Amino acid sequence: MRIGISGYGRMGVLIRQHALQQGHEVPVVIDPVSSAPEVTHQSWQGVDRELVDVIIEFSLPQVAVENIASAAAADIPIVVGTTGWYSRMDEVKKLLDREGSGCIWSGNFSLGVNIFFRLTKTAAKLFNRFAQYDCMVHEYHHKHKADSPSGTAEMIGDILVGGLDRKTHVVTEELKRSIEPEELHVTSTRGGSIPGTHRVTFDSDVDTVVLEHTARNRSGFAQGAVLAAEWIIGRQGLYTIDDMMKEIIEG
């Protein structure tokens with residue numbers, strides 16, 4: 001398979017390495033500012049199905065939708081790991097339907113994290129019956145991470161709110177008061193070189209149950225993105241990684 005990469009930052013470099021290790025070709029790397037020798041194009045001009053079978057997009061929120069549109073116009077399916085553009089989801093769906101192209105997106109392409117999401121959803125269903133257990137989320141990331149909490153932590157919070165009748169919304173700010181029973185607190189710590197740890201805690205007066213996912217490095221994200229690239233070929237419309245995971249797990 002011929003994979004193109006849009007955005008050649010840390011994730012782009014890892015994706016290229018993993019794709020090559022898996023026996024794929026990477027004939028196109030698009031980045032308007034990188035001077036890396038692997039970069040073949042400064043823009044999407046000239047990128048078409050003659051060059052690549054699929055594009056993996058890890059660039060910037062402000063250009064993500066434009067890049068999705070460029071891929072759709074060229075009839076190239078696209079994997080989108082860029083975050084921060086989700087308010088334009090309806091626009092993207094209409095665009096893909098009009099062009100007859102395919103896109104799969106996620107805020108986190110790690111296979112382990114996506115299995116963790118499913119474990120969290122199951123746990124919420126189980127603990128929903130037992131009101132004596134309160135729930136909370138905490139995540140740890142390296143000192144250079146710009147956002148807090150992580151997008152993954154917010155996704156975990158949404159899963160828990162969706163599965164626990166007693167929780168109605170996520171609170172992410174520092175609390176200088178008692179938390180309300182209907183609030184789910186999602187908190188963060190930044191420091192060191194931690195690739196990413198996410199912890200879900202169910203706590204009662206008598207015991208504590210903890211679910212935790214710890215990333216050893218960013219390679220898991222690259223692995224999941226390449227798998228998504230293999231999966232999206234031949235499909236039309238807008239998909240999430242949950243669609244892919246459901247098909248893989250359920251057959």
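Rule-based calculations on the coordinates, nothing more; no lab input. Keep in mind the model is a prediction, meaning the values are calculated, not measured. Using ideal geometry, Cβ is built from the backbone for each residue, glycine included, and neighbour counts are taken over all protein chains shown.
Evaluating Tyr239 against the criteria (1) in a helix (DSSP H, G or I); (2) closer than 18 Å to Phe58 by Cα leaves one unmet condition, (1). When residues in the range 1-49 are screened for being assigned to a strand (DSSP E or B) and not β-branched (Val, Ile, Thr), 6 of them pass. For the range 120-172, a residue qualifies if it is closer than 19 Å to Glu182 by Cβ, outside any loop (DSSP other than H, G, I, E, B) and among the acidic types (Asp, Glu), and the qualifying residues are Asp134, Glu154, Asp158. Whenever a residue of the range 173-197 is closer than 18 Å to Lys143 by Cβ, its partners that are assigned to a loop (DSSP other than H, G, I, E, B) and not basic (Lys, Arg), lying with C-beta atoms within less than 6 angstrom and at least six residues away or across chains, give the pairs Ser188/Ser148; Ser188/Pro149; Ser193/His142; Ile194/His142; Pro195/Ala215; Pro195/Asn217; Gly196/Ala215.
When Arg98, Arg118, Arg88 are screened for being out of contact with any His (no Cβ under 9 Å at 6 or more places or on another chain) and within 28 Å of Val200 (Cα to Cα), only Arg118 passes.
Residue-wise test of (1) of a type outside the set (D, E, K, R); (2) more than 17 Å from Val209 (Cβ to Cβ).
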site	(1), (2)
Arg98	no, yes
Ser110	yes, yes
Tyr133	yes, no
Tyr140	yes, yes
Ile156	yes, no
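In the range 207-226, what residues are in contact (Cβ under 8 Å) with a residue 12 or more places away in the chain and among the aliphatic types (A, V, I, L, M)?
Those that are in contact (Cβ under 8 Å) with a residue 12 or more places away in the chain and among the aliphatic types (A, V, I, L, M): Val209, Leu211, Ala215, Ala222, Ala225, Val226.
Can you confirm whether the range 144-153 contains a residue that is of a type in the set (Asp, Glu), farther than 24 Å from Met1 by Cα and within 16 Å of the chain's Cα centre (by Cα)? Within the range 144-153 (the criterion being of a type in the set (Asp, Glu), farther than 24 Å from Met1 by Cα and within 16 Å of the chain's Cα centre (by Cα)), the answer is yes, since at least one residue qualifies.
When restricted to residues that are over 23 Å from Thr83 (Cβ atoms) and surrounded by 15 or more Cβ atoms within 10 Å (Cβ to Cβ), the range 1-21 contains 2.
Residue-wise test of (1) touching a Pro at 6+ places or on another chain (Cβ under 6 Å); (2) of a type outside the set (Asp, Glu).
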{"position": "Ser178", "(1), (2)": "no, yes"}
{"position": "Glu183", "(1), (2)": "no, no"}
{"position": "Thr189", "(1), (2)": "no, yes"}
{"position": "Ser193", "(1), (2)": "no, yes"}
{"position": "His198", "(1), (2)": "no, yes"}
{"position": "Ser204", "(1), (2)": "no, yes"}
{"position": "Ala215", "(1), (2)": "yes, yes"}
{"position": "Ile233", "(1), (2)": "yes, yes"}
